[in-house]
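The values are calculated or read from the model by the stated rules, or taken from the named source; none is laboratory data. These numbers come from a predicted model, not from an experiment. FYI the Cβ positions are ideal-geometry reconstructions off the backbone, even for glycines, and counts take in every protein chain you see. Areas reflect the complete protein model, heavy atoms only, side chains present, ligands, DNA and RNA absent. Shrake-Rupley method; radii C 1.70, N 1.55, O 1.52, S 1.80 Å.
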Amino acid sequence: MFVAGSGTELPRLAAVIERQQRELALARADLGAAEITAMARGVLMERHALSSGDAARQLADMAGAASMPLAEMAAAVLSQEPPSEPELAQPAPPQQPRPGAAAAERPGAAGEWLEPGQPLEAADDPVAMAAAVRARDGGELVAAFAGQLADRFAAAAVAVWLLDADGALELLGHQGLGGTDSTRWRRLPPQFDCPEQRVAASGVDLWWASGPAPDDRVPVVAPWGRQAARVVFALLDRTGSPLGVLEAWWTTPWTEFDASVRGPLTAALVGFTDVLGVRLAYGPLGSVALSPGVFAALEEIADSVLIVRPLRGPGGEITDFGIVYLSPGYADPAGRPAAELASLTLLEAYPASIAGDGLFARAERVLTSGQTEHAPGLVRTSLAGGTDVSALADLHVLPFFAGVLFTWRTPGEAEHLAELLDHAQRLGSIGGWEERLAAGAVHWTESAFALFGLDPAQAAPIPMAYLHSFVIAADRAPVRRFQEALLRRREPAVAVFRIVRPGDTVIRQIRVFAEPVVAGEDLIGLRGAFQDVSSQYHTQVALAATRDQLADSEQRAAEEHQLALRLQRAIMPPDWVPVDVAGVDVAVRYRPAEDGHLVGGDWYDAMLLPDKDLLLVVGDITGHGIDAVTGMVAARNALRGLAATGAGPGELLRHLNYASCHLTEGIAGTVICGRYSPQTHVLRWARAGHLPPVLVRDDVAKTLPLPEGVLLGLDPQADYEEATYQLRVDDTLLLFTDGLIEQRSGSISDALHEFTVTAVPADQDAGSHADRILRTALSDTGDDACLVAVRIL
């Protein structure tokens, strides 16, 4: 459930790590260090007549310039002697207006800003500022500052709103307001025209010594009437970014906010802004604490109560959730005590909960949509390290003020057993059911609804007496017999039927087994289970179809094999005798493929041309079966027709290659073509990627030099080189296909070398020589083979 996501969660994880580092640094500053820092600020305020905010900034600047921790610099300030009079007389650096604030907003005497060195009627209270820094939540922080304003400026009430990501102002805390006012003005939407939203949008403070102008009819928080004095102050951090607004009220009007009041009051408000910015940077600040009765009521509803508030990045995006409240009976999935989790954020406590249905993902969805989520039953949780446990039951997630509230129960033994049963049903594709006949009540498990493709929230379970109406027509009779066995004969029964689920076109096969429940002589109920056996059914159907297809394929293959074999034998019969040519003894041999092998496209030809030259051809069309044989026939006949033109071997192969590329479909292969003149004993020959002829002379065999020529059917523009060789009496020329010599375990070059060794000596006639070669050929591929032996007489 809590599985970490991918790239979109990296900024959140980075924010968590950064916040952890900041909180670790803050944790190192213990209570003693905080007190030392507060005392050092007080010393600087006394020595240089600074406000609390200016003293805090000066202390921080001194620590930064000296590259010292703040606590160490505070200790150094406390250990110094008081400065001498000349040092006291030196003016402090002039105070600059806050970023985003106009000079006319916070003027001092004569319209100028008060310098930090100017004497004030009252100094900020370091004890109150320390209390603000150490406040546990927003209510305590605002209360601490309100006490300071009440003592120094007689302020009757103070309220602080923080700016939310959607532009709304959410009440952080208040002091002095009644319950009605605080409830009414807890959240101020951005479209609500009020002084607080005006100041938040513009950053310009409002100072009313005697209330708003009479013509200003916008709603205002007026606990003491519209004419009482008030200040609406923009809370801006040190970069000028808005944090929210602070409003202070008095019970009566003031004559005016002159420099003697406005300057110290502005300094105090700026100091509070600094403290607020630091506190928000280190973690969330809870709003005013809820009534203990609210938490007591929540704890009565659920075992575990968890309340979180969003932590947002600079762009308003949610980077994490701060844990605001944990109930005393909080049950952590990892078994950790609530005290251990109280100081963590949600991602720190549950770092693997970003994606899917994790706590973080659910909280983000609920906060964005405002809609409650409920996960009934057991909820599986994944903790850090991949530990998978079921420690939550009946999870509720709902919006809660500006945050999110989780409640869940600790699962009991019965729920664990139910979960095991659910797993067993899911793994076995089983759904249980029960029917109470007297009450007419039928109960199905969720798995049973899933088997029938029904939604439990919208569909009712099917009574056993009507089951036959939901199966296909061919299976209604077996289902009726099943119903009769149960309801009439009161016997356990089993049936198998087929259904088509709603919105589905796939046939599902369901097995149902059930038994009657009998009390005395009465049949009071039925109980049983459905099981989806579709996989077995579909497997049987697929096997039957496969057997039929295989039988058809085998029959077609056998027919094609016989057709190819008959066609091949018709074109090149094994007992074919070549033409008799004066001065030449020619023998041709064809060895068909072994039984069980496909018929190949090997072919040969020996034909006397009109000019009394002898045409010698051996070829091999790629592939096997009927396609290879038909390609062989086309190539053989085409070459015979082209030879009648009197063209040489190279020209013949060029024309045959062009025809293979354009005039036939898919013919590719190798050919060797020779033209022998009995009068001159000259052999002219060319090749298209074929093996060279082997010449046997004087008990020595060698391959003839190879002319250039690519395979047929590759390049329609290819040219073929011719070679000429002078033959002599008693020479034997061997032309053959690779099926005669090729071996699976060696290269074709090695096979050709071994063939030349076995080709000698030459026999007395070409036929005897060809027969001996066929008997001793070392090929083990079982492929077709052709051989033409020409002996010069």
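Points 7 angstrom from Cα along the Cβ direction at Asp750 and Leu706: gap in nanometres?
With each label point 7 Å from Cα toward Cβ, the separation is 1.8 nm.
Starting at the first residue of the range 488-494, write each ³J(HN,Hα) from the Karplus equation 6.51 cos²θ - 1.76 cosθ + 1.60 with θ = phi - 60°, in whole Hz, x for Gly and Pro.
Ordered by residue, 3J(HN,Hα) equals 9, 7, 6, 10, x, 8, 9 Hz.
Please list 3J(HN,Hα) in residue order for the range 623-633, calculated via the Karplus relation 6.51 cos²θ - 1.76 cosθ + 1.60 where θ = phi - 60°; whole Hz, with x for glycine and proline.
With the stated coefficients, the range 623-633 comes to x, 9, x, 5, 5, 5, 5, 5, x, 4, 4 Hz.
Run the accessible area of the range 707-793 with a 1.4 Å probe and give the carbon-and-sulfur part as a rounded percent.
50
Using 0.36 nm times the number of residues separating Leu663 and Leu550, minus their current alpha carbon distance, what extension gain do you get?
Residue separation times 0.36 nm, minus the Cα-Cα distance, leaves 37.2 nm.
Round to the nearest 10 and report in Å² the accessible area of Phe360, as given by a 1.4 Å probe over the protein chains' heavy atoms.
In the full protein context, Phe360 sits at about 0 Å².
What do you reckon, how do His655, His681 stack up by accessible area (1.4 Å probe), largest on top?
Numbers: His655 70, His681 45 Å².
Order by accessible area, largest first: His655, His681.
At 1.4 Å probe size, with no ligands or nucleic acids counted, give the accessible surface of Glu484 in Å², nearest ten.
Counting only protein heavy atoms, Glu484 exposes about 80 Å² to solvent.
In what order, largest first, do Trp254, Trp685 sit by accessible area if the probe radius is 1.4 Å?
Trp254, Trp685
Which residues' amide hydrogens lie under 5 Å from the amide hydrogen of Ala228, considering only partners 5 or more residues apart or on another chain, with H built in the peptide plane?
Under 5 Å from the amide H of Ala228: no residue qualifies.
Under 25 °C and 0.890 mPa s, how fast does the range 703-793 diffuse according to Stokes-Einstein, given a Kirkwood radius computed over C-alpha pairs? Answer in µm²/s, whole number.
So the translational diffusion coefficient is about 164 µm²/s.
Go through Arg136, Arg489, Arg687, Arg230 and list them by solvent-accessible area, largest first, probe radius 1.4 Å. Could the numbers behind the result be given before it?
Working: Arg136 190, Arg489 125, Arg687 35, Arg230 0 Å².
Most to least solvent-accessible, the answer reads Arg136, Arg489, Arg687, Arg230.
Return one whole number: the accessible area per residue of the range 669-793 in Å², for a 1.4 Å probe. Show your work: numbers first, answer last.
Values: 5370 Å² over 125 residues.
Ligands and nucleic acids excluded, the result is 43 Å² per residue.
Using just the C-alpha positions of the range 478-551 as equal point scatterers, what log10 of I(q)/I(0) does the Debye formula give at each q in 0.14, 0.19, 0.25 1/Å?
Listed by q, the Debye log ratios stand at -0.59, -0.83, -1.07.
Relative to the present Cα-Cα distance, how much length would full extension add between Ser210 and Val494 at 0.36 nm per residue of separation?
Roughly 93.2 nm would be gained on extension.
Once you have the Cα-Cα distance between Asp698 and Ala473, take 0.36 nm times their residue separation minus that, and quote the gain in nm to one decimal.
72.3 nm
Expressed as a whole percentage, what fraction of the accessible surface of the range 234-275 belongs to carbon and sulfur atoms when a 1.4 Å probe is rolled over the protein heavy atoms? Could the numbers behind the result be given before it?
Values: 760 of 1420 Å².
Ligands and nucleic acids excluded, carbon and sulfur give 53 percent.
Which ³J(HN,Hα) values in Hz, rounded to whole numbers, follow from the phi angles of the range 229-243 under the Karplus curve 6.51 cos²θ - 1.76 cosθ + 1.60, where θ = phi - 60° and Gly and Pro get x?
These are the phi-based 3J(HN,Hα) values: 5, 7, 9, 10, 10, 7, 8, 10, 6, 6, 9, x, 7, x, 9 Hz.
How large is the charge dipole for the range 444-508, taken about the Cα centre, if only the Cβ atoms of Lys, Arg (+1) and Asp, Glu (-1) carry charge, to the nearest 20 debye?
Numbers: 9 positive and 6 negative charges, 73 e Å.
That gives the range 444-508 a dipole magnitude of about 340 debye.
Taking the full set of protein chains and a 1.4 angstrom probe, give the accessible area of Lys612 in square angstrom, rounded to the nearest 10.
120
Note down the nm distance, to one decimal, between modelled labels 7 Å out along Cα→Cβ at Glu317 and at Asp504.
So the label points at Glu317 and Asp504 sit 4.1 nm apart.
Evaluate E = 1/(1 + (r/R0)^6) for Ala439 and Ser369, where r is the Cβ-Cβ distance and R0 equals 45 Å; express this FRET efficiency to the nearest 0.05.
So the FRET efficiency works out to roughly 0.65.
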